[in-house]
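The values are calculated or read from the model by the stated rules, or taken from the named source; none is laboratory data. This one's a predicted model, so the numbers in the text were calculated from it and none came from an experiment. Every residue, glycine as well, gets a Cβ built from its backbone with ideal geometry; the counts of neighbours run over all protein chains shown. Note: areas computed on protein heavy atoms with side chains; ligands, DNA, RNA excluded. Shrake-Rupley method; radii C 1.70, N 1.55, O 1.52, S 1.80 Å.
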Amino acid sequence: MAGEGPRDPEELEARGGLAGGELSALTRVGAIQLTVAGLERSLDYYQRTIGLEVLDQEAGRARLGVAERTLLELVEDAGARPSFGHTGLYHFALLLPQRADLARWLAHAVRERVSLAGLSDHFVSEAIYLSDPDGHGIEIYRDRPRESWEGQVAARMTTLPLDARGLLSELGEHGAEPYAGLPRETIMGHVHLKVAAIGDTIAFYRDLLGFGLMAQLGAQAAFLGAGGYHHHIGANTWESAGASPAPKGVVALGHASIELPTPSERELVLDRLARSAHTVLDGDAGALVHDPSGNRLLLAVARG
């Protein structure tokens, strides 16, 4: 089942101190927009392999998700090349509600011989990594109960081999049942970005947007979250130190979405960005801003 794909970003012991942050604990990561070389190929993969539903589709574009909730937006850039050595997406992470849900997905991957990039126990979560046909990284994970890791992220988030046998034992005699797709409660748990420099990234996501710095791997990676969550934003320089965004003709991250709980919460963030002279483009869907590595963020208000 193992195959080529993105390296597990939490390969080293996480070190760093908690920072409270200014964002509401109700802040969430929203839909991720990606460009893909072939829309039909990607739709087949995300439906059959991942288990998302197509919510709507038009010429060259599609939205996928669960229970009418958009998690992924795909935009076709016909024939675009894979991205190497640029800033952008490292992986997006689909958070499943229960351990049994992760077990069902793994059983499906075993049956269908899905190529995986890694299976990891991060203390805060159990995670499975893979890549889509364009090389976009994907994580499918479940959190351990918050009370078991809260306040310990900096000291204990790490990578150990996932107990796959123990995970699959959650299913008992139901392990051979056909896969019915991702559960309705699936959300976008976090997004992990390729960045040019960690210092600039922390200054932007912590000091301007207001995320708390939950853990840091020196100049190589950082993990930031709102409300004490282990991370809503991951960032690393494994493949992208000093790099620029992907050029035209290369598949790329269109944008990642950050959903604030209220209009007033979003205005506080936009005010901090304006005072720091960041260019913000406001539109119907939200406000677009670039981080220091050129990654685009859509700052939106969560829908009820």
Requested in this report: Looking at (1) open to solvent by less than 40 Å² (accessible area, probe 1.4 Å); (2) part of a helix (DSSP H, G or I); (3) under 21 Å from PRO178 (Cα atoms); (4) not hydrophobic (A, V, I, L, M, F, W, C), find the lone condition where ARG104 falls short.
Outcome: (1)
Requested in this report: State which residue is most open to solvent (accessible area, probe 1.4 Å) when the search covers only segment 279-294 and only residues that are over 13 Å from LEU208 (Cα atoms) and under 22 Å from the mean Cα position of the chain (by Cα).
Outcome: ALA285
Query raised in the report: Given (1) more than 23 Å from LEU168 (Cα to Cα); (2) open to solvent by 30 Å² or more (accessible area, probe 1.4 Å), where does SER115 come up short, assuming only one miss?
Result: (1)
Query - Pair list, Cβ < 8 Å and 6+ apart or interchain, from segment 166-184 residues that are within 23 Å of SER120 (Cα to Cα) and touching a residue at least 40 places away in the same chain (Cβ under 8 Å) to residues that are aromatic (Phe, Trp, Tyr) and part of a helix (DSSP H, G or I) - result: TYR179/TRP105; LEU182/TRP105
**Report entry** Residues (surrounded by 19 or more Cβ atoms within 10 Å (Cβ to Cβ) and not aliphatic (A, V, I, L, M)) located in segment 191-205
**Finding:** HIS192, LYS194, THR201, PHE204, TYR205
**Report entry** Contacts under 8 angstrom Cβ, first residue in segment 140-159 being free of Cβ contacts under 8 Å to residues at least 24 places away in the same chain and under 25 Å from PRO183 (Cβ atoms), partner open to solvent by less than 70 Å² (accessible area, probe 1.4 Å) and of a type in the set (S, T, N, Q), 6 or more apart
**Finding:** ARG144/SER125
**Report entry** Entirely in segment 112-226, the strands (runs of 3 or more DSSP E) that have 1 or more residues that are of a type in the set (Lys, Arg)
**Finding:** 137-143, 187-194
Query raised in the report: So which residues in segment 76-97 are farther than 12 Å from ALA256 by Cβ and either open to solvent by 60 Å² or more (accessible area, probe 1.4 Å) or among the aliphatic types (A, V, I, L, M) (or both), if there are any at all?
Result: GLU76, ALA78, GLY79, ALA80, ARG81, PRO82, PHE84, LEU94, LEU95, LEU96
**Report entry** Residues satisfying the stated conditions in segment 203-228, i.e. without any contact (Cβ under 8 Å) to a residue 40 or more places away in the chain and more than 20 Å from LEU270 (Cβ to Cβ)
**Finding:** ALA219
Query - Yes/no for ALA127 being among the aliphatic types (A, V, I, L, M), under 15 Å from HIS231 (Cβ atoms) and either modelled with pLDDT under 95 or open to solvent by less than 20 Å² (accessible area, probe 1.4 Å) (or both) - result: yes
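Table: residues versus (1) open to solvent by less than 30 Å² (accessible area, probe 1.4 Å); (2) more than 26 Å from ALA197 (Cα to Cα); (3) among the small types (Gly, Ala, Ser).
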position: SER257; (1), (2), (3): yes, no, yes
position: PRO261; (1), (2), (3): no, yes, no
position: ASP271; (1), (2), (3): no, no, no
position: ALA277; (1), (2), (3): no, no, yes
position: ARG296; (1), (2), (3): no, no, no
